[in-house]
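See structure below.
The values are calculated or read from the model by the stated rules, or taken from the named source; none is laboratory data. Small disclaimer: the values here were computed from a predicted structure and weren't measured. Here the Cβ positions follow ideal geometry from the backbone for every residue, glycine too, while neighbour counts run over all protein chains shown.
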Amino acid sequence: MTQKTPNPKTGNRNLITDLDGILIGNAQDTTIATGVTVLLPNPRATASCDMRGGAPGTRETDALQPETLVDAVDAIFLSGGSSYGLEAGSAIASWLGAKGRGFALTDAENTPRSPVVPGAILYDLANGGDKKWGETPPYARLGKEACEKASRDFALGNIGAGYGATCGALKGGLGSASLLCADGLQVGALMAVNAFGSAVSPETGRLWAESVAEGDEMGGAGAGAASAMRGGGGDIFAGTKAAGAFPGANTTIGVVAVNAALSVAEAKRVAIMAQDGLARALRPVHTPLDGDMIFVIATGRWDMGDAMRSLSLARIGTLAADIVVRAVGRGVYEAESLGGVLCYRESLKDC
């Protein structure tokens, strides 16, 4: 007899924070048109990552590989600002270190812990905001502010790392979604969508992600049928940033969280599988112009057992890809027009 997989349901918030032990903080500067998002696990949790884009910007991702010493992280951050945004990671590490959190190589007195804070950045420098910050970029300030605002409840769209993001020719944003399975498995995703590619099918005018939408999280059936992005025919660059693209100007970065007890190597495999979600939600994706990165964090609160572990891992990776699709779709759907860049919902009214 074939064993049936328990039917997953959306959590109460339909956010990554439906998983126990996960908090999200967001901070943005509306004048500069940029922001930072931080994920804080409590306690620190196993993590790994997978990078598929050709123009990445990251911090401490080498430490997340299975062959390295580190086996858990204290935070993961997503930031606007291109290379300037990496400064958010240092501020987050300082904030955590002051609270006694981090990796301890020794318990010797007066030896501070070392917070492990990997992260990734996206390019939002050309979105019209005031970027004349001189020698004081805002990202350390925004990183600390995001930590102080960490909560289980947060908005989507123009917030945090998604504030200044764009997706193809439309406004991008921060998206999140969750799945809670009957057997206790929980999966959530948080994505900052700033892709070169388009989230909208030129054939149907709908979000690619609508095929896996739960309820009305992307406006309900047919919400995008009259989209202004419709009519691209067979053009693979329809609705993208092709007209003004240059390396580093695009990226979709995010985190998948699972409550399973995974090793670093298993978290890495889930991250690889989760990247398939980007391929289903955006077209094209993983281009030389994107820095696509997905982190996976495993809180270890649900034991999937040792029997048929590889099949359980395949199931988790499959659900992770599904949740990435939904989080990307929600990030674009919830975004609002900004700086002359039209959002998806506004594009419907122009037809």
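Determine, yes or no, whether T17 is within 16 Å of the chain's Cα centre (by Cα), assigned to a helix (DSSP H, G or I), at pLDDT 95 or above and of a type in the set (V, I, T). Spelling it out, T17 is indeed within 16 Å of the chain's Cα centre (by Cα), assigned to a helix (DSSP H, G or I), at pLDDT 95 or above and of a type in the set (V, I, T).
A quick yes/no check of all residues on (1) touching a strand residue (DSSP E or B) at 6+ places or on another chain (Cβ under 8 Å); (2) surrounded by fewer than 20 Cβ atoms within 10 Å (Cβ to Cβ); (3) acidic (D, E); (4) modelled with pLDDT of 85 or more:
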{"position": "S227", "(1), (2), (3), (4)": "yes, no, no, no"}
{"position": "T240", "(1), (2), (3), (4)": "yes, no, no, no"}
{"position": "P247", "(1), (2), (3), (4)": "no, yes, no, no"}
{"position": "D276", "(1), (2), (3), (4)": "no, yes, yes, yes"}
{"position": "P288", "(1), (2), (3), (4)": "no, yes, no, yes"}
{"position": "R301", "(1), (2), (3), (4)": "yes, yes, no, yes"}
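Candidates are the residues of region 83-102 that are touching a residue at least 12 places away in the same chain (Cβ under 8 Å) and outside any helix (DSSP H, G or I); the one that is surrounded by the fewest Cβ atoms within 10 Å (Cβ to Cβ) is G100.
Of all the residues that make up region 118-134, how many are touching a Ser or Thr at 6+ places or on another chain (Cβ under 8 Å) and within 20 Å of S94 (Cβ to Cβ)? Of the residues in region 118-134, 4 are touching a Ser or Thr at 6+ places or on another chain (Cβ under 8 Å) and within 20 Å of S94 (Cβ to Cβ). For I16, state whether it is more than 22 Å from L319 (Cα to Cα), touching a residue at least 60 places away in the same chain (Cβ under 8 Å) and surrounded by 21 or more Cβ atoms within 10 Å (Cβ to Cβ). Criteria not met by I16.
Selection of region 156-188 for residues being of a type in the set (A, V, I, L, M) and either within 19 Å of S82 (Cα to Cα) or touching a helix residue (DSSP H, G or I) at 6+ places or on another chain (Cβ under 8 Å) (or both) yields L156, I159, A161, A165, L170, L174, A177, L179, L180, L185, V187. Scanning region 303-335 for residues that are of a type in the set (D, E, K, R) and surrounded by 15 or more Cβ atoms within 10 Å (Cβ to Cβ) gives R315, D322, R326, R330, E334.
When N158 is tested against (1) within 18 Å of E334 (Cα to Cα); (2) touching a Ser or Thr at 6+ places or on another chain (Cβ under 8 Å); (3) polar (S, T, N, Q), exactly one condition is not met: (2). Of the helices (runs of 4 or more DSSP H) contained entirely in region 257-351, those carrying at least 1 residues that are touching a Pro at 6+ places or on another chain (Cβ under 8 Å) fall at 264-281, 309-334.
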